[in-house]
Structures are given as C-alpha cells and as structure tokens.
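Below you'll find the structure, written out as structure tokens, and then a few comments.
The values are calculated or read from the model by the stated rules, or taken from the named source; none is laboratory data. No experiment lies behind these values; they were computed from the predicted model shown. When we count neighbours, we look across all protein chains shown, and the Cβ atoms used for this are built from the backbone with ideal geometry, even at glycine. Just so you know, the surface numbers come from the protein's heavy atoms only, side chains and all, with ligands and any DNA or RNA stripped out. Shrake-Rupley method; radii C 1.70, N 1.55, O 1.52, S 1.80 Å.
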Amino acid sequence: MLVRDVMHSKVTVISPGTTVPEAVRLAQLRGIRHLPVVENGEIAGMVSDRDLKRAMPSGATVLEAHELRYLLERLPVSEIMTRTVITTGPMFPVEEAARLMVAERISALPVTEGGRLVGIVTETDVLDLFVRAMGAHEPSSRLDVELPDRPAALTEVVQVVEAAGATISSVMTLVNRAGLKEAIIRVATSTR
C-alpha cells in the first residue's frame, strides 16, 4: 500500500501570517491537529496543536488579560512553526512513511509532489491502516503462533488452520522482542 492510498488529499493549510488565535480556531473547527504552513504554493513550515498550546500564555503570566489578547492577536504562526518540515511522496510505501514518523518522532507527514502539497498522512491514518490490515475491525479471533526457523513454516500453519475449517481474515508475521518469528493470524468468527 502506498501513501496515496491512506493520505488525506483535502488539506487545511494556513499562511505564515495567520495569527495563532486564527490557527487555534481553524484547528478546533476542523478537528485537526496539524496545519501545514504554505507560502507561494510551497510548504514553509508546520504547526501542530502542541505548538499552538505552547504559544498560549500560562497561568503564571503577569500580563493583564487585555494585554495578552492584544499580543496574541498579532502573533503570526511564522513565529512558532517548525521550519524544517519532513515530507513524503504519494508513491512512497506507507510502511516507510510510518518508519520515518517513528524515527523522527513526528505525528504527521505532509505529502508533496513536485514541490507542491498534495496531501497529509497522520499517525491516525497509519493506525487505521494497521487495524484494517490486522482484521481487527471485523468479528474475529486472534492466534499467535511462534514459527519454527525453517522454510514453509508459515504455509504449514495456514494449511492447519484452513484444514480445521476456519476462515483466515488476515495474517501478519514479525520478529518478536525475543527475536523469534511469529505469525499473528486473525480467524473470522460468526456473528450469528
């Protein structure tokens, strides 16, 4: 699966001159946590809900409420945005985008093509894909099977499950924390 298959192509963007309160209102209105900052059609930065929260005054401030409002109403997101933005492309494998998000400790990747923003993929999109790939969105039971270190071990396990009359809804293999290969098999269950 590719990034284009899970990304959102309708992206809410802001400009560097958008004020912090405007960005907060827009993020709340749209129910989003990441706002790409676009200038002349290209990404100039990224603002997250965390950036917006940090820009808001703390309860320990000594300024009066009207002074705070005055300052905040004039604070552009260009002052708080992350300027070095890590991006991905629509034809990038989604697992590589997820690996990049984990490695860089970021929760969203703007998707660009030819220098232009064409979408955004978030950790929620990746987790949704994971849930669907694991078959956890439909009635099923999970079997965890440690695989022996030999060719065709997975094939043998699948054949045994199918011979028992079970319908396999998903199969995933991974190396567990102990360094052993494991198969996670979801078997469809009846809802009747």
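Within segment 150-170, being over 13 Å from Thr189 (Cα atoms) and of a type in the set (Ser, Thr, Tyr) holds for one residue alone: Thr155.
Residues are listed down the side, and each one gets a yes or a no for (1) in a strand (DSSP E or B); (2) at positive phi; (3) modelled with pLDDT under 95:
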position: Leu109; (1), (2), (3): yes, no, no
position: Val121; (1), (2), (3): yes, no, no
position: Leu129; (1), (2), (3): no, no, yes
position: Arg132; (1), (2), (3): no, no, yes
position: Ala136; (1), (2), (3): no, no, yes
position: Ser141; (1), (2), (3): yes, no, yes
position: Asp144; (1), (2), (3): yes, no, yes
position: Pro148; (1), (2), (3): no, no, yes
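Taking the criterion of being within 15 Å of Ala97 (Cα to Cα) and open to solvent by less than 40 Å² (accessible area, probe 1.4 Å), would at least one residue in segment 126-139 satisfy it? For segment 126-139, residues within 15 Å of Ala97 (Cα to Cα) and open to solvent by less than 40 Å² (accessible area, probe 1.4 Å): present.
For segment 104-125, the set of residues classified as loosely packed, with under 12 Cβ neighbours inside 10 Å and either touching a residue at least 12 places away in the same chain (Cβ under 8 Å) or under 17 Å from Pro93 (Cβ atoms) (or both) consists of Glu104, Gly115, Arg116, listed by residue number.
Checked against the criteria, Ala183 does not count as modelled with pLDDT of 90 or more, out of contact with any Leu (no Cβ under 6 Å at 6 or more places or on another chain) and of a type in the set (A, V, I, L, M).
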